[in-house]
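Undergrad: Got a structure here, written out as structure tokens. Questions coming.
Taken together, the values in this text are just the output of simple stated rules run on the coordinates, not laboratory data. Quantities reported herein were computed from a predicted structural model and do not represent experimental measurements. Cβ coordinates were reconstructed from backbone atoms using ideal geometry, including for glycine residues, and neighbour counts include every protein chain displayed.
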């Protein structure tokens, strides 16, 4: 069973693993590596609401164990939309956890945050699994942002996937 919850101090190892995994840097904007100290401070500073800072990070738990992170970014109460980011530990991939987590996020975003739309920016070339995940959850490709993201010495296209919830 998959659940979503606020990140807690005991999630330090999870954050450390995901944020410092060079294999993950090719699908996002690498800002790491991060020290444990910096991540402890980050966890302690997490806001109670998505509207204060425009973002919210949740832990994805499978049978009570944190296996990934789900982010809401650029939360706009005016436009009632937010960007979604998701990352799982390598050992948790391919088990349906991300699909279930996105379904739960949609319910939370619609019923609690009063959002009407979620969207994701996905690398057209480096992350086919994420593209398939979002399409499988009912998202639609609505745009391509040409040469939008710099990775490995080149600019790559990003796909914008959107779902009205």
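Undergrad: Given contacts defined as C-alpha pairs under 8 Å and at least six residues apart, what's the relative contact order of the chain, whole-number percent?
TA: Relative contact order of the chain: 19 percent.
Undergrad: Nearest 500 deg cm²/dmol is fine: what mean residue ellipticity at 222 nm does the chain get from its DSSP H runs of n ≥ 4 alone, each adding -39,500 (n - 2.57), divided by its residue count?
TA: -8000 deg cm²/dmol
Undergrad: Next question, about the same structure. How long are the semi-axes of the equivalent ellipsoid of the chain, taking √(5λ) for every eigenvalue λ of the Cα gyration tensor, in whole Å from largest down?
TA: Sorted largest first and rounded, they come to 22, 20, 16 Å.
Undergrad: What list do you get for 3, 91, 140 if you sort them by fewest beta carbons within 10 Å?
TA: Placing the least packed residue first, the sequence is 91, 140, 3.
Undergrad: Let me ask something else about it. State the extension gain, in nm to one decimal, for the chain segment bounded by residue 49 and residue 35, taking 0.36 nm per residue of separation less the distance between their alpha-carbons.
TA: Difference between extended and current length: 2.5 nm.
Undergrad: Considering the zone a paramagnetic label at residue 145 would reach in this model (a point 7 Å from Cα along the Cα-to-Cβ line), which residues of segment 82-109 have amide N under 13 Å from it?
TA: Only 83-85 pass the distance filter.
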